[in-house]
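Inspection log for the structure reproduced underneath, given as structure tokens.
The values are calculated or read from the model by the stated rules, or taken from the named source; none is laboratory data. Computed from a predicted model, the values in this text were never measured in an experiment. Positions of Cβ are backbone-derived with ideal geometry, glycine not excepted, and every protein chain shown enters the neighbour counts.
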Amino acid sequence: MSKSKPVLTSSLGKKLIMSLTGLFLCTFLIVHLIGNLQLFKDDAGYAFNKYAFFMTHFTPIKVVSYLLYLSIIVHAVYALILTTKNKAARPIGYNQYDGKANSAWNSRNMGILGTVLLVFIVTHMQNFWFQYKFGTTPYVEYQTELATGARQINNQDALPADYTEYREYVDAGFEVIKTKDLYKQVEVTFQNPLLVGLYVLGMAALSFHLIHGFQSAFQTVGFNHRRYNGIIRAIGVWVFGIIIPILFAAMPLYFYFVK
């Protein structure tokens, strides 16, 4: 009788699951960034608040969101299992081992980088997702005159007593939108220098994590060919390691120093 382990419960299987969930999370980062770039629009949050409602109420997006939460949990748990198992298998390091000479700093400290990211994600969810769903997110009403495009804005620090849900309709030549003001929530949150610092630190951790993790994930799933490795590394470094983290980090800095 074979004593081989099932693929998904073996170390290789766990690495495969980590790689697949990691690549899925990379895909989400692109989508999330495109939507969040609307924070830079000078429209008092009009475009961003419409995007926020769509992302939290469109059924296919909601399904993907739950898969995202599951992927984060699985990715973190399997990383912890593999790290613990590797340390248990080698309780005493080799006498001649020199980590700096054999691997990059970020590849040796993926656990630390992942822990920083996990703290960041929990803080991010509490500040925005939880507040938007269950907390005290402010309220805004946009009245846009269809003929001229002129817009009037009514802000409140709390939801009106008769507020039930997002509403978008046309009345007497005006487009009217009544919604929770997540844009204002972002603006207020990023007046806290400690949170701004945490977000920038989180994006620095994301950068180092992805510079190693993106290319490593492709190798784990078997996509390892010298013709494509250079392209994969370039995408991992420039797109996921530099451009995306910088743009995400620019958002809290923009609200703290500009808004």
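Condition first: in a helix (DSSP H, G or I) and among the aromatic types (Phe, Trp, Tyr). Now tell me which residues in segment 45-67 satisfy that.
Tyr46, Phe48, Tyr51, Phe53, Phe54, Tyr66
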Checklist entry - Which residues, counting only those in segment 102-129, are part of a helix (DSSP H, G or I), exposed (fewer than 13 other Cβ atoms within 10 Å of the Cβ) and over 12 Å from the mean Cα position of the chain (by Cα)? => result Asn102, Trp105, Gln126
Checklist entry - In segment 131-193, which strands (runs of 3 or more DSSP E) lie fully inside it and hold 2 or more residues that are under 14 Å from Ala44 (Cβ atoms) and without any contact (Cβ under 8 Å) to a residue 24 or more places away in the chain? => result 151-156
Next on the checklist: Just the residues that are of a type in the set (Ser, Thr, Tyr), loosely packed, with under 13 Cβ neighbours inside 10 Å and at pLDDT below 95, please, taken from segment 149-189.
Outcome noted: Thr164
Checklist entry - Which numbered condition trips up Ala205, out of (1) surrounded by fewer than 21 Cβ atoms within 10 Å (Cβ to Cβ); (2) closer than 20 Å to Thr115 by Cα; (3) aliphatic (A, V, I, L, M)? => result (1)
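Could you go through segment 248-258 and let me know if any residue there is closer than 30 Å to Ile17 by Cα and either part of a helix (DSSP H, G or I) or out of contact with any helix residue (DSSP H, G or I) (no Cβ under 7 Å at 6 or more places or on another chain) (or both).
Yes, segment 248-258 contains at least one residue that is closer than 30 Å to Ile17 by Cα and either part of a helix (DSSP H, G or I) or out of contact with any helix residue (DSSP H, G or I) (no Cβ under 7 Å at 6 or more places or on another chain) (or both).
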Item to check | Residue selected from segment 29-44 under the condition without any contact (Cβ under 8 Å) to a residue 12 or more places away in the chain, surrounded by fewer than 14 Cβ atoms within 10 Å (Cβ to Cβ) and assigned to a helix (DSSP H, G or I), by the criterion nearest to the chain's Cα centre (by Cα) | outcome: Val31
Item to check | Pairs, first without any contact (Cβ under 8 Å) to a residue 12 or more places away in the chain in segment 45-60, second of a type outside the set (Val, Ile, Thr), C-beta under 7 Å, six or more apart | outcome: Ala47/Gln38; Ala47/Lys41
Checklist outcome for this item: With the first residue restricted to segment 237-259 and required to be among the small types (Gly, Ala, Ser), and the second required to be in a helix (DSSP H, G or I), Cβ contacts under 7 Å at 6 or more apart or on different chains are Gly241/Ser207; Gly241/Leu210; Gly241/Ile211; Ala249/Tyr199; Ala249/Val200; Ala249/Met203
Next on the checklist: Whether any residue in segment 220-235 is within 19 Å of the chain's Cα centre (by Cα) and assigned to a helix (DSSP H, G or I) is what I want to check.
Outcome noted: yes
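Quick grid of which residues meet (1) touching a helix residue (DSSP H, G or I) at 6+ places or on another chain (Cβ under 9 Å); (2) among the aliphatic types (A, V, I, L, M); (3) assigned by TED's automatic domain parsing to the domain that holds Leu25:
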{"residue": "Leu198", "(1), (2), (3)": "yes, yes, yes"}
{"residue": "Leu201", "(1), (2), (3)": "yes, yes, yes"}
{"residue": "His209", "(1), (2), (3)": "yes, no, yes"}
{"residue": "Thr220", "(1), (2), (3)": "yes, no, yes"}
{"residue": "Arg227", "(1), (2), (3)": "no, no, yes"}
{"residue": "Arg233", "(1), (2), (3)": "yes, no, yes"}
{"residue": "Phe240", "(1), (2), (3)": "yes, no, yes"}
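What do you reckon, is Leu159 in the same structural domain as Ile30 (by TED's automatic domain parsing) and aliphatic (A, V, I, L, M)?
no
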